[in-house]
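Single-structure report; data block below.
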Ligand code: ZN
């Protein structure tokens with residue numbers, strides 16, 4: 001697959017992230033791609049809407065792809081997600097036998113791939129995908145920063161300095 005096609009798939013994930021942000025969810029999006037390159041499932045975060053702490057973009061996309069495929073294993077399928085998966089989703093990527101994991105922004109606070117428990121490094125992890133971090137990273141992190149920036153800086157709050165610290 002060419003890098004333009006990979007970016008195209010990440011564009012779909014980014015569109016899902018944007019739509020999630022517009023719904024008031026943390027803006028993260030995910031796409032499952034079949035071995036032939038077709039998008040099988042796409043989803044954004046819906047934890048607030050569904051009142052389900054597990055309704056992460058990756059989980060919803062993988063669940064939908066498995067349902068469509070009629071199989072609990074997504075052998076040969078790739079997952080594109082705008083943010084480094086959390087430990088739960090990283091474990092799910094392994095259980096689903098995802099072939100390649102592409103993600104955008106790293107998540108030092110909540111990630112489980114290159115941060116925290118580093119799920120794929122353990123002996124108890126029986127399937128390790130090929131991992132490609134940083135695809136579409138700038139746009140993914142800009143979305144997250146804008147989302148959390150707006151939440152921390154509602155229009156009525158005191159102005160802040162360029163480094164983000166409140167100004168007296
Ligand atoms: Zn997750």
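Rule-based calculations on the coordinates, nothing more; no lab input. Worth saying up front: this structure is predicted, and the values here are computed from it rather than measured. Neighbour counts are summed over all protein chains in view; Cβ atoms, including those assigned to glycine, are modelled from backbone coordinates with ideal geometry.
Could you list 86, 125 so that the one with the fewest beta carbons within 10 Å of its beta carbon is first and the one with the most is last?
By the 10 Å Cβ count, ascending: 125, 86.
Between residue 54 and residue 88, residue separation times 0.36 nm minus the direct Cα-Cα distance comes to 11.4 nm. Taking the longest Cα principal axis of the chain as reference, the axis of helix 137-152 is set at about 40 degrees.
Cβ crowding within 10 Å, taken as a proxy for footprinting-reagent exposure, orders 77, 115 from fewest neighbours to most as 115, 77.
Compared with the dominant Cα axis of the chain, that is its longest principal axis, helix 3-22 is turned about 50°. Comparing mean-square fluctuations of 130, 150, 18 from a GNM of the chain with C-alpha springs under 10 Å, the top value falls on 150. Across the stretch 65-154, counting alpha-carbon atoms alone, Rg and Dmax equal 14.4, 45 Å. Where both bridge residues fall in the chain, DSSP classifies roughly 55% of the beta bridges as antiparallel. What FRET efficiency do you get for residue 67 and residue 127 if R0 is 30 Å and r is their Cβ-Cβ distance, rounded to the nearest 0.05? Computed FRET efficiency for residue 67 and residue 127 comes out at 0.90. Helix 57-69 and the longest principal axis of the Cα set of the chain meet at an angle near 30°. For the chain, set up a Gaussian network in which alpha carbons nearer than 10 Å are linked by springs, and say which option among 15, 38, 90 fluctuates the most. Maximum among the listed residues: 38. Histogrammed with a bin width of 10 Å, the alpha carbon distances of the chain distribute as 11, 39, 33, 12, 5, 1 percent, first bin at zero.
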